[in-house]
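Below is one structure; the comments refer to it alone.
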Amino acid sequence: MDSDDRRVPSGTPGLDEVLQGGFLSGQTGIINGGPGTGKTVLALQFLTAADGASLYIGFEEREADIRRNAELLGIDLSDVTILDLSAGGERFFSEDSYTVFPADEVEGEDLLERIATAIDEESPERLVIDPLSELRSLLPDEYQFRRNISSLINELKERGTTTLCTTQPTSGRVEQDLKFLGDLTIEIQRTTDHRSLEVTKFRGSGSADGRHTYRIRSDDGGRVYPKLAPGNFHREHTRDQLSSGLPELDRLLGGGIERGSVTVLSGPSGAGKTTLGSLFLEAAGNRGEQAFGYLFEELESDYLHRSGEINIDIESLVETGAVRIEEIESLAQSPDEFAHHVRTAVEEEDAQIVMIDGITGYRLGLRGDDSQAELTRELHALCRYLKRMGVTVLLLEEVENITGDLSATDEQISYLADNIVFLRYMEIDGGIRKTVGVLKKRFGDFEQSLREMSISEDGVEVGPKLTGMRGILTGIPERTDESG
């Protein structure tokens, strides 16, 4: 991020990263969005980050309501001066009033004078006009509106006042005029369960591309979760091999998986994907490395109980802090938020191995019509980031086919993988057994054979190479003549 003295902190966590350092001092920004998108929250947080005087000019809410609503969101406006220009109810009910606004305010002259007086008296370092588009209805025509607003913005720039103005989408030239007059434009959109924010214009500065998640929470205010840009990150790391803690599985993998690699563990329901992933978490914890497991499809308590039942002691490693297991509610969290969560684990808690269980649950947090393309984009960015930071990644994916033709993944993410470990069922003599094999290994050789795998209260056992059979991957193998 840009750290020069021209930058002004936005006051909204995460937004400075999108703005590559913050607003530019003395500029005017336009925050455009429909009702309820969170424009005012972002503007108020901008004011509370001021070192000097800050002034809020509002046309829609009474001052008492503004301060009360801000307090509920954890925003302290005690040092912010508010000029309340909202219409009082007594005007509507007054016997000698025929309009909501008196005649002098219809012309807008009195209102502009009050704004000018407040700015002169406060000499604010930061100023918010909420919403600027309200002035349009109080001035006689578009020419007068543009002329007066242009004059105001130029004067504020001369004074070095950094200004934010909120606007709502409108038809005609008004919206375009407002965006043209501003140095910065931030567009906020809201759906039923999701807000997003995009910087569409920023004079004199770059900004992070794309639409970024914007979340507002009680007692915590607004926060932006920037879209992950993996090219901005790098950390030196070795390519040493990491053991699963199970010698037979390591032999299948040519010694283990490489640090900083991505491994897809693929198989049908119940085949043992989470179990194999847990082996790597346990081995990492026992080596003294910080490991994180993110559960999209299972409760932490169920996961720890199941692990203990098959002699994988994740629970004691969780108690010591060597392993962290976290449930992720995908429907309540966007990929941007999850990426931020993972970044915090990597950059602040030194996570060295990350397991995501599983891809189907992760997909539920995606928005948009083209979820397959979005899944690929989001996972690509997350995995690239983790690889560049030297973090070893385990992606667990469930495939639908229990037997039949081998499919490495149903989600078309095989290209992300440096290693693909697949699990399959097979039926022998009327019994169902599990097999494990390696389909791909980018950084070295591997054993190109299948082994039987069993999971019991004694733990995980990977047997010798399966020989004397053909058609194992169909799920119904046949014995060859050599097997007798």
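The values are calculated or read from the model by the stated rules, or taken from the named source; none is laboratory data. Everything numeric here is computed off the predicted structure, so don't read it as measured data. Glycine gets a Cβ as well: all are built from the backbone with ideal geometry, and neighbour counts include every protein chain shown.
Can you confirm whether residue 257 is of a type in the set (Val, Ile, Thr) and surrounded by 24 or more Cβ atoms within 10 Å (Cβ to Cβ)? Taking the combined requirement at face value, the residue satisfies it. Residue check: residue 161 meets all listed conditions (1) at pLDDT 75 or above; (2) loosely packed, with under 15 Cβ neighbours inside 10 Å but one, namely (2).
Matching residues to (1) at pLDDT 95 or above; (2) hydroxyl-bearing (Ser, Thr, Tyr); (3) in contact with a helix residue (DSSP H, G or I) (Cβ under 9 Å, 6 or more places away or on another chain); (4) not assigned by TED's automatic domain parsing to the domain that holds residue 32:
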site: 202; (1), (2), (3), (4): yes, no, no, no
site: 214; (1), (2), (3), (4): yes, yes, yes, no
site: 219; (1), (2), (3), (4): no, no, yes, no
site: 242; (1), (2), (3), (4): yes, no, yes, yes
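Restricting attention to segment 438-465, the residues that are surrounded by fewer than 17 Cβ atoms within 10 Å (Cβ to Cβ) and touching an Asp or Glu at 6+ places or on another chain (Cβ under 6 Å) add up to 4. Annotation: residue 313 fulfils all but one of (1) acidic (Asp, Glu); (2) surrounded by fewer than 20 Cβ atoms within 10 Å (Cβ to Cβ); (3) under 22 Å from the mean Cα position of the chain (by Cα); the unmet one is (3).
Please note which strands (runs of 3 or more DSSP E) are completely contained in segment 246-353 and include at least 2 residues that are free of Cβ contacts under 8 Å to residues at least 40 places away in the same chain. Here the list reads 323-327. The listed residues are 358, 365, 321, and the only one of them that is at pLDDT below 90, more than 23 Å from residue 196 (Cα to Cα) and of a type outside the set (Phe, Trp, Tyr) turns out to be 358. Pick out the one residue from 197, 265 that is in the same structural domain as residue 422 (by TED's automatic domain parsing) and crowded, with 21+ Cβ neighbours inside 10 Å. Sole residue among the options that is in the same structural domain as residue 422 (by TED's automatic domain parsing) and crowded, with 21+ Cβ neighbours inside 10 Å: 265.
Considering (1) in a helix (DSSP H, G or I); (2) modelled with pLDDT of 90 or more; (3) in contact with a strand residue (DSSP E or B) (Cβ under 7 Å, 6 or more places away or on another chain), the lone condition that residue 133 does not fulfil carries the number (2).
Between 42, 83, 111, the distinction of being out of contact with any Cys (no Cβ under 6 Å at 6 or more places or on another chain), within 27 Å of residue 190 (Cα to Cα) and either assigned by TED's automatic domain parsing to the domain that holds residue 218 or at pLDDT 90 or above (or both) belongs to 42 only. Listed conditions (1) more than 14 Å from the chain's Cα centre (by Cα); (2) part of a strand (DSSP E or B) are all met by residue 214, apart from (1). In the set (1) among the charged types (D, E, K, R); (2) touching a residue at least 60 places away in the same chain (Cβ under 8 Å); (3) buried (at least 18 other Cβ atoms within 10 Å of the Cβ), residue 51 fails one condition alone, (3).
The residue pairs whose first member lies in segment 142-158 and is at pLDDT below 80, whose second member is among the β-branched types (Val, Ile, Thr) and surrounded by 13 or more Cβ atoms within 10 Å (Cβ to Cβ), and whose beta carbons are closer than 8 Å, counting only pairs six or more residues apart or on different chains, are 142/174; 145/174. Quick check, is residue 360 within 21 Å of residue 273 (Cα to Cα), polar (S, T, N, Q) and either touching a residue at least 12 places away in the same chain (Cβ under 8 Å) or not in a loop (DSSP other than H, G, I, E, B) (or both)? Here the answer is yes, as residue 360 does meet what is asked.
Considering only residues in segment 180-206 that are hydroxyl-bearing (Ser, Thr, Tyr) and part of a strand (DSSP E or B), the one that is nearest to residue 224 (Cα to Cα) turns out to be 196.
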